[in-house]
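First the structure, in the form of structure tokens, and then the observations on it.
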């Protein structure tokens, strides 16, 4: 972990395509950190071509450099935190914590998103404050509760101090180390973390036995009564289960402070909160984090809105939502089923769904089928844990609200109508649809 | 002026006109050759002979004594027979009916042999008159006005059924009292001409009926209809019928 | 959860006290008139009284300036809010419309500072049934500010206004507010189309409820009420700003959908002599505004469902709103506020749900679109 020791390990750099300057622990990042093949079922080749920026093409040397940097804790102020600290390959490139812990054991306000398939995100972070993978790098590096660097110059200085890095940067970029190039290298590595090839992808590809009947029913509910598809959109061109947009689904409203904070924020609309670093600090470090996309756009309709996340590999990227507040997939479904948590800015698409227990189980089975093969074992173990917990422990469940038996306003007694009848839609995949 | 004096004046006026008219031929006779006079052949069977204005074609109406009136049906038959005869003499002549709204057509070529009986009111229907100079004999060329009328009635009824369901939340299977016309009065804002397109709410490429089904499931809160359900087809028909004349524009958002 | 607003009982007592205060300010004849009207109709029946007593306002319909001494002196600027077109079904049938109505009440209660009053713009019920109106009254009972009720056709044509008048008082009335004369019209009368067709009350109501069936008559204010309006305005100086609340638009937008008032020209003629007139109307469920001569017209949003723009007849000044997303139960809906300016003109804020709010300024209307143009749509109706 210390600079001196890692120089010795540079023996491996010359031979391997994948160089490891600062191995995680003593074993190295492991095979889960390797770049993934594009030869996976469901891989969107067209989309992939669109999202590689022309000014940062993929090359093996650049990817190797980026990987080295990704696992290098020199990028932190105390030399103890590298990117994989919160984005560990074995943990689906997350840390499986509700919110991440950074330098000096400080906790941030947001759950670490996965790097898997991040290449396809239109914007990065839960609130989309970063337009590219490259720009995203700076956020954690200079954030005081994450990697704690005072400035990007400090980070550059740390990297420059290593002659091997200097050589690598000159080879790849033809110039001395700059932070922009650090960003480019890391982004290039991240663009190799592709996770498809799931049982669902094979099912869509024509193998009707690839997923269970329960998962098939879940897929039908996903498209129908569950209303999931409208925001967690999937199609063969963009098979990511996200519309890349921002919605307030009421997660922030769990916090009693949210509404007063939001109203105060609206009043001071447009004042202060300027640059990227300022927003980054607010988003990660303060109770304004719950305001979500609003911090970036200052638009009233963005209050409490967060990015629709991809649904792939959920069983290795728990816990869920921007604050990591939900521990199992059943908890997330219970949240949607009852119509989210009421607040004045709740997205109008969030309504009580009236899903039965069986329908929720089927939906979870469907979500489980979105696991890429390299995570199959870990996902199965997590599924068993979550399943067991879901039989007895359901803090978000509110069946009366889900079924419209009571209204949201205290004092407005139900019962109310409005929950649709059970769908009779056939499985859309079986109908010959996409 | 009193009534009586008006009458006198009118009579005097008529007399004057009459006198003028009576004099006119003599005046004209001094300037131009005499007008031709048609020679109407004698009746052979004790009836009345009616002659066409070409001065050649004529037909005898049996049983009609001179001075008697024909019934309307008889008159129609007589004129038809005259035209049949005329056509026989002038097979290559074209002619058009002067009445408004009538398509040009010829009287069907009569069968060989004596002319058809002049039974009053005999009108031949169900046989499409074949216009000269057009392709004949195939399926589409045999469609008649009666066919069109029947089919239009069927189509309009189908569209009307769709309209009925469109306006009725119970017919739609809705459970919350919401019907399509609440957001789409007169089918407005349905833009069927833009399908197929990627429908954001469905997150897939949709046809019109897919979106109808989605709306039934979501705002209307009913069960989605099977694609072959007559109700769904009728709804689709009504919506399409409201956009007659709008150019197709698939994929338009 | 801490109580955010007063109970209905507290509000009732406060309103009652306000009535009595107002009554003391009246001359004897008007006092007796009010007493006669109220005692018989409301108090004697031991019914839950109307949420906001219009008694004093009814009394003020007579040109009587003494009531202004009872606490309504002042001048613009002031702000009032509105909730309109809730179209409530009875609760076991449809929760969605209830959610919308409750959301509007929450919005209005969260305003800081509070508006002077909240106008309810008509169509409280969907089919004019007693339980629907009752549900609406219960929901509006949570509004903190005083509520001024206005009737819509969906409230009226089941029982020709019996339940409405019993619950909320007379369908047309007027009052003065901070130097502005406010008239609330019943502008959805219809010539009888039901007797000849032998319709039951429910059939009549369903016919009126359908926008595009073409069977119902066009809306009108009607001869009697126009006479009432003339009389009401007889002693109002022409320099006094006028606010006219109406359910139908009081101009002619699209006949087929009854976005229309048949005697619009006659009503406008009555309003013509006044320097500044602002009409706030419901029924059209869309962002809509117009200027005809001296009259500005602002349409209110609905809380239940949005209408598309009509194929013809849209006032040229209206800048359309983007099409609504049917996935979003609140899109194209909302509530809003009207700011009465010191000069007697009015700006309107459309608080569109799930969208950025849009402000339409009187300057835009009065300049016939030359300045202060509202933002353009990206997805207009087609």
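Read the figures in this text as sums done on the coordinates, not as results from a lab. Not measured: the values here are computed from a predicted model. Here Cβ is always computed from backbone atoms with ideal geometry, including for glycine, and neighbour counts include all displayed protein chains.
Each peptide in B:222-231, A:292-301 receives the mean, over its residues, of other Cβ atoms within 10 Å, and ordering these scores from highest gives A:292-301, B:222-231. Compared with the dominant Cα axis of chain A, that is its longest principal axis, helix A:163-173 is turned about 70°.
Legend: Rg and Dmax of segment C:118-168, from Cα coordinates, 10.1, 30 Å.
To the nearest ten degrees, helix A:179-190 and the longest principal axis of the Cα atoms of chain A are 60 degrees apart. Give the angle, between 0 and 90 degrees and rounded to the nearest 10, that separates the Cα long axis of helix A:213-223 from the longest principal axis of the Cα atoms of chain A. Tilt of helix A:213-223: around 90 degrees.
First obtain the Kirkwood hydrodynamic radius of segment B:160-253 from its Cα pairs, then insert it into the Stokes-Einstein equation at 20 °C and 1.002 mPa s, and state the resulting D in µm² per second as a whole number. In µm²/s, the coefficient rounds to 162. Based on the Cβ-Cβ distance from residue B:52 to residue A:207, what FRET efficiency comes out when R0 is 60 Å, to the nearest 0.05? For R0 = 60 Å, the calculated efficiency reads 0.10. Look at the Cα gyration tensor of segment A:3-190: its axes a ≥ b ≥ c give a/c under 1.5, and that counts as rounded. Each listed q (0.11 Å⁻¹) maps to a log10 I(q)/I(0) for segment C:74-366, found by the Debye formula over equal Cα scatterers with no solvent: -0.59.
Taking the Cα centroid of segment A:157-226 and of segment A:56-72, what is the distance between the two, rounded to the nearest whole Å? Spelled out, the Cα-based centre of one part sits 13 Å from the other. Averaging sequence separations of C-alpha pairs under 8 Å and six or more residues apart, then dividing by the length of segment B:39-91, give the relative contact order as a whole percent. RCO, segment B:39-91: 28 percent. Take the Cβ atoms of residue A:61 and residue B:198, set R0 to 45 Å, and the FRET efficiency comes out at 0.70.
Within segment C:270-317, antiparallel bridges make up roughly 45 percent of the DSSP beta bridges whose residues both belong there. The label-point distance for residue A:34 and residue A:175, in a model that sets each label 7 Å from Cα toward Cβ, rounds to 3.5 nm.
Dividing the summed -39500 (n - 2.57) terms of all DSSP H runs of n ≥ 4 by the residue count of chain A sets its mean residue ellipticity at 222 nm at -10000 deg cm²/dmol.
Report Rg/Rh for chain A, rounded to two decimals, where Rg is the Cα radius of gyration and Rh the Kirkwood radius. We get a ratio of 0.98 for chain A.
Here the contact order of chain A, divided by its residue count and restricted to Cα pairs under 8 Å and six or more residues apart, works out to 17 percent.
In vacuo Debye scattering of segment B:39-91, one point per C-alpha: log10 I(q)/I(0) at q = 0.18, 0.25 Å⁻¹? The calculated log intensity ratios at q = 0.18, 0.25 Å⁻¹ are -0.57, -1.03. For segment C:83-125, the direction-averaged projected area of the alpha-carbon convex hull comes to 2.9 nm².
Debye sum, Cα scatterers, segment C:132-212, no solvent: what log₁₀ I/I(0) at q = 0.25, 0.27 1/Å? For segment C:132-212 at q = 0.25, 0.27 Å⁻¹, log10 I(q)/I(0) is -1.27, -1.36. So how do C:160, B:51 line up by other beta-carbon neighbours within 10 Å, fewest first? Neighbour counts put them in this order, fewest first: C:160, B:51. Based on Cα contacts under 8 Å between residues 6+ apart, segment C:80-133 shows a relative contact order of 56 percent.
Between residue A:400 and residue B:135, the FRET efficiency estimated from the beta carbon spacing at R0 = 56 angstrom works out to 0.20.
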